Amino acid sequence: MSEKEFIDALSAKIGGDEKSTSHFLSCVSDIISSGLQDGKDVSLQGFGIFEVKKKMERIEVNSSTGKRVLFPPKLVVGFRPSSMLKERINSALNS
């Protein structure tokens, strides 16, 4: 689903216009981003948890050259779906 399709579906669901729905979605995205930047997990009940995880530094070997490459540590965003969301997806797939 594209962002445009998502905004259309959300505006139809809440009965608003596309411009205000787009602004609302932008605000939600900003709040989630700022929470993650502050190092906090963002939990949306019934949906899931956005969290920042630290990937440790690692050494990988380039298979074509045989050279070892060091990848520095970095922060990545992860998402853990709630059990309710998992159940809804699984029930939709099984029907």
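Annotations for the structure displayed:
- Helix 83-94 vs. the chain, principal-axis angle (Cα, 0 to 90°, nearest 10): 80
- Among the lysines of the chain, pairs at least eight places apart or on separate chains and with Cα atoms under 15 Å apart come to 7.
- For the chain, the longest principal axis of the alpha carbon atoms and the long axis of helix 18-37 meet at an angle near 40°.
- Ranked THR21, THR65, criterion: other C-beta atoms within 10 Å, fewest first: THR65, THR21
- Signed unit charges on C-beta, dipole axis of segment 2-63, positive-most listed residue PHE50, VAL61, CYS27: VAL61
Computed from the coordinates by the stated procedures, all read-outs in this text should not be read as laboratory data. Note that the coordinates shown come from a computational prediction; the quantities given were computed from them, not determined experimentally. Virtual Cβ from ideal backbone geometry, glycine too; neighbours counted across all protein chains shown.
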